[in-house]
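Note sheet for the following structure.
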2 protein chains.
Amino acid sequence: MESTTQQCLSLAVSTVVFALRPHPSTGRTTPWLPLVRRIREPYEGLWALPGGPLEDDQDLADSAGATLLRTTGLAPRHLEQLYAFGNVDRSPGERVVSIVYWALVRRDEDARAIDGDNVEWFVADDVHGLAFDHDVIVRYALDRLRAKITYSPIAHAFVTDEFTLAQLREVYEAVLGRALDPANFRRQILAQGAVEPTGRHVTGTSHRPPALYRSNPAHSRHSLTIEETS
Amino acid sequence: MESTTQQCLSLAVSTVVFALRPHPSTGRTTPWLPLVRRIREPYEGLWALPGGPLEDDQDLADSAGATLLRTTGLAPRHLEQLYAFGNVDRSPGERVVSIVYWALVRRDEDARAIDGDNVEWFVADDVHGLAFDHDVIVRYALDRLRAKITYSPIAHAFVTDEFTLAQLREVYEAVLGRALDPANFRRQILAQGAVEPTGRHVTGTSHRPPALYRSNPAHSRHSLTIEETS
DNA sequence: TCAAAAGTGTTATTGATACACCCATGA
DNA sequence: TCATGGGTGTATCAATAACACTTTTGA
């Protein structure tokens, strides 16, 4: 029964946007995310996930995509619903239910990203002290990213159209936080059929020129994903 | 930014409730779910998932639990968020965003379940022609149930406190829809440490008395689950 | 010719699967 | 003693991990 009762709560859509950048101290590639400084109560002055109220004429994923555009200037490459947070006490004052998405930004697009006002990027694992329950949300999104990359080809969303297996491996290593054996990685990726060789090679390297691959669209979609027109 | 804008949409919580019962024709145990007949427009007369508007003072999971109580007379054994559905056009007329949960009912509790008015149970795989986008939701919940049972001890939510491995195996077979090798099933279940022997045995069988087990609470919780006070 | 990363080959280990076989009970 | 499902043993095959080794380039 989806009733017609008028309700005294607001519905917001927020997004955890991940991009891979070098860690400022170690230099190793690691997930980063953009946060927005709150300019009003509650939690004025604190950092929070980018988001906003759901518009009447906007699908949930569209709202998340618009947020991504506003904060990073980019269109979503991978956009997926994470979870709906709606505990009564999660926001002081008004009741707010937040539907949270997570998005992945490609390394080449990330390079030409432009931050909006009051937007700053942080190393995802170091984030804490956020407004609302956003610490928990970021933690959950990171866990999900790390779990999903092991059984789904989402890593492709971080690389350019054509890529070397070393670049793809760097994505896995950045997300999982550990080194992977290049030989076994190559075999596993090729065996699952999610990439196919373009026949072209990178030139100008000081070593054997690596082959270029592209992701195989026939294999890239999993049955358990809800299809949404982004 | 979780803004304070007033919105012209309603927020509902619906629940896909699964119980295992014999299939009316084949006799094999299979997932069933309760549906509610709609008594008003839109979709008047059609079957729909049990649910209702989110109350101001109610957490999301509490709302789903109340729905389960109303339709089956039972308290939730396993209750978990499935997905938030909110496309603009999913409900004619008013904009409705539905946060959908799924619940599992134990076989012993299911036996003493009492249906509410206009509530009827159906074989989950045969359900179609529901109101709104509920066909898609049921399909998605079934997919998730079948996927999750392979890597998480949710099967325990279908059996009594003490159970034989044959009973637990019947749950897996009912959900997955195929027979499992009893010998290998035993080893896999015991190896993952999610069950422990009680030391007691079933008596009165016309064959070797099977041992009774209980689920091991230390192992039963996975890191990727959001903790909710049901 | 040397360094460095691409790419191939080989072996050991682990886990899944299939299935033969013994055990304990009631009828 | 027979039928029935509980429970154990074991061989086979596939996936994973570890690592030695060859290839191709620029410097």
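A:Ala183 label point (Cα plus 7 Å toward Cβ) to equivalent points in the other copies: 3.6 nm, shortest first. In chain B, helical runs assigned H by DSSP with n ≥ 4 each contribute -39500 (n - 2.57); averaged across all residues and rounded to the nearest 500, the mean residue ellipticity at 222 nm is -7000 deg cm²/dmol. Taken along its principal axes, the alpha carbon cloud of the protein assembly as shown reaches lengths of 77, 55, 38 Å, longest axis first. Taking the axis that rotates chain A onto chain B, the chain A residue nearest to it by Cβ, with the distance rounded to whole Å, is A:Ala84, 2. Sorted from nearest, the other copies put their A:Asp135 label points 4.7 nm away, the label point being 7 Å from Cα in the direction of Cβ.
Of the trypsin sites (Lys or Arg not before Pro) found in the stretch B:77-124, those in coil by DSSP whose Cβ has at most 11 other Cβ atoms within 10 Å are B:Arg112. Take A:Phe122: with every protein chain present and a 1.4 Å probe, its accessible area is about 50 Å².
Interface size, chains B and A: roughly 4500 Å² of accessible area buried, both sides included, 1.4 Å probe, rounded to the nearest 100. Any residues in the stretch A:86-133 that have 10 Å² or more less accessible area with all protein chains than in their chain alone, probe 1.4 Å, and which are they? At a threshold of 10 Å² (probe 1.4 Å), the residues of the stretch A:86-133 that become less exposed are A:Gly86, A:Asn87, A:Val88, A:Glu94, A:Arg95, A:Val96, A:Val97, A:Ile99, A:Phe132. Only beta bridges with both residues in chain B are counted; by DSSP, about 70 percent of them are antiparallel.
Taking the label point 7 Å along Cα→Cβ, B:His78 and its counterparts in the other copies are spaced 2.7 nm apart, in ascending order.
With all projection directions averaged, the alpha carbon convex hull of the stretch B:77-203 covers 10.1 nm².
For chain B, the Stokes-Einstein estimate of translational diffusion at 4 °C and a viscosity of 1.567 mPa s comes to 68 µm²/s, using the Kirkwood hydrodynamic radius over alpha-carbon pairs. Surface composition of the stretch A:10-148: carbon and sulfur atoms hold 49% of the protein heavy-atom accessible area at a 1.4 Å probe. Rolling a 1.4 Å probe across the protein heavy atoms gives the stretch A:63-141 an accessible surface of 39 Å² per residue. Over all directions, the projected convex hull of the C-alpha atoms in the stretch B:153-215 averages 4.4 nm² in area.
The values are calculated or read from the model by the stated rules, or taken from the named source; none is laboratory data. Computed from a prediction, not measured in an experiment: that's the story for all the values here. Reconstructed Cβ throughout: ideal geometry from the backbone, glycine too, with neighbour counts over all protein chains shown. Heads up: the accessible areas ignore ligands, DNA and RNA and are worked out on the full protein's heavy atoms, side chains in. Shrake-Rupley method; radii C 1.70, N 1.55, O 1.52, S 1.80 Å.
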